[in-house]
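A.B. asks: Attaching a single structure in structure tokens format; questions to follow.
The values are calculated or read from the model by the stated rules, or taken from the named source; none is laboratory data. Since this is a predicted model, take the numbers as computed values, not measurements. All Cβ positions, even for glycine, are placed from backbone atoms using ideal geometry, and neighbour counts span all protein chains on display.
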Amino acid sequence: MTKTLIFATTLFFIGCGSTQVTPPKCDNSTPKVDMKNQFINDANCDTIVDKEFFEICYSYDYKAAKSVAYRLDGDLVNETNIKERPLFYEEEALEPNKRAKYSDYTNSGYDRGHLAPDAAFDWSRESLKATYSLANIIPQVPEVNQDMWVKVEKYARDKAVELGAVNILNIVKYSSKPKHIGEDKIAVSKGFYKVLYNEDNGYKECYYYDNKPNSNSGSDTLASHKVNCNTVSY
């Protein structure tokens, strides 16, 4: 019994931290989880739509995205800039009764707002077309979409050029009882985050936009939307 106890104790010290025998590397640290995987996973998403150039965490209840993740390559974002824009289309990866239609937005008072923006993917016809899936679109207040949100999208592209690449995570925040539009009852969000990060450079910035009318949208500044990244959530 004594010999067995001594042998087991010896194995413990050899396994981790012995000064007499070269031990294997012992790493008790928690593995780093990419921020994208904290939001886009099977627990949060009814389905994950892979558009090749970006991923969509999609909700059947909202019939809209909860988040969209992609990577901006600085060498690509300003390479071609295709001017002609495709038509919006229904997402065929989703069953017909679980997806938005173009007509759901007509006369709704909301823009068809991109999460993965067309201007970030206009370097090829395939990547550009992917952004016009209605699964990548959410109802956005016109002045937010046209005046405010575009500023942070441009900033993200400029940052990708500066750093070589930037990961983007757009997170949509819904209330417990959201407003709906259209025949298919598309949920309208209360706001949305844009997270920019590059782990190799130790870089991260986060911005939040309320999805409500803003009479001062034209003079709105990027800095007024910057938030602590620890506050980002669904």
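A.B. asks: Go through segment 56-92 and report how many residues are closer than 17 Å to S103 by Cα and of a type in the set (D, E, K, R). Outline the logic, then answer.
C.D. replies: Step one: filter segment 56-92 for residues closer than 17 Å to S103 by Cα, giving 62-64, 86-92.
Filter again for of a type in the set (D, E, K, R), leaving 63, 90-92.
The number of residues fulfilling the criteria is 4.
A.B. asks: Among the residues of segment 196-234, count how many are aliphatic (A, V, I, L, M), in contact (Cβ under 8 Å) with a residue 60 or more places away in the chain and in contact with a Leu (Cβ under 9 Å, 6 or more places away or on another chain).
C.D. replies: Summing the residues that are aliphatic (A, V, I, L, M), in contact (Cβ under 8 Å) with a residue 60 or more places away in the chain and in contact with a Leu (Cβ under 9 Å, 6 or more places away or on another chain) in segment 196-234 gives 1.
A.B. asks: Mind listing whichever residues of segment 119-138 are touching a Lys or Arg at 6+ places or on another chain (Cβ under 8 Å) and closer than 15 Å to V172 by Cβ?
C.D. replies: L134, A135, N136, I137
A.B. asks: Go through (1) in contact with a Ser or Thr (Cβ under 8 Å, 6 or more places away or on another chain); (2) modelled with pLDDT of 95 or more; (3) farther than 29 Å from H180 by Cβ and name the single condition T80 misses.
C.D. replies: The one condition T80 does not meet is (2).
A.B. asks: Select from segment 102-112 the residues that are of a type in the set (G, A, S), in a loop (DSSP other than H, G, I, E, B) and either loosely packed, with under 15 Cβ neighbours inside 10 Å or in contact with an Asp or Glu (Cβ under 9 Å, 6 or more places away or on another chain) (or both) and list them in ascending order.
C.D. replies: Initial filter on segment 102-112 (of a type in the set (G, A, S)): 103, 108-109.
Pick out the ones that are also in a loop (DSSP other than H, G, I, E, B) and you get 108-109.
G109, the sole residue that qualifies.
A.B. asks: Out of all the residues in segment 43-71, which are part of a strand (DSSP E or B), within 20 Å of P139 (Cβ to Cβ) and either hydrophobic (A, V, I, L, M, F, W, C) or without any contact (Cβ under 8 Å) to a residue 40 or more places away in the chain (or both)?
C.D. replies: Within segment 43-71, V49, F54, I56, C57, A64, A65, V68 qualify.
A.B. asks: Among what's in segment 48-101 and is of a type in the set (V, I, T) and crowded, with 18+ Cβ neighbours inside 10 Å, pick the residue that is farthest from E199 (Cα to Cα).
C.D. replies: Ranking the qualifying residues of segment 48-101, first place goes to V49.
A.B. asks: Being modelled with pLDDT under 95 and touching a helix residue (DSSP H, G or I) at 6+ places or on another chain (Cβ under 6 Å) is the filter here, so list the residues in segment 190-219 that pass it.
C.D. replies: Hits for segment 190-219 are N201, N214, S217, G218.
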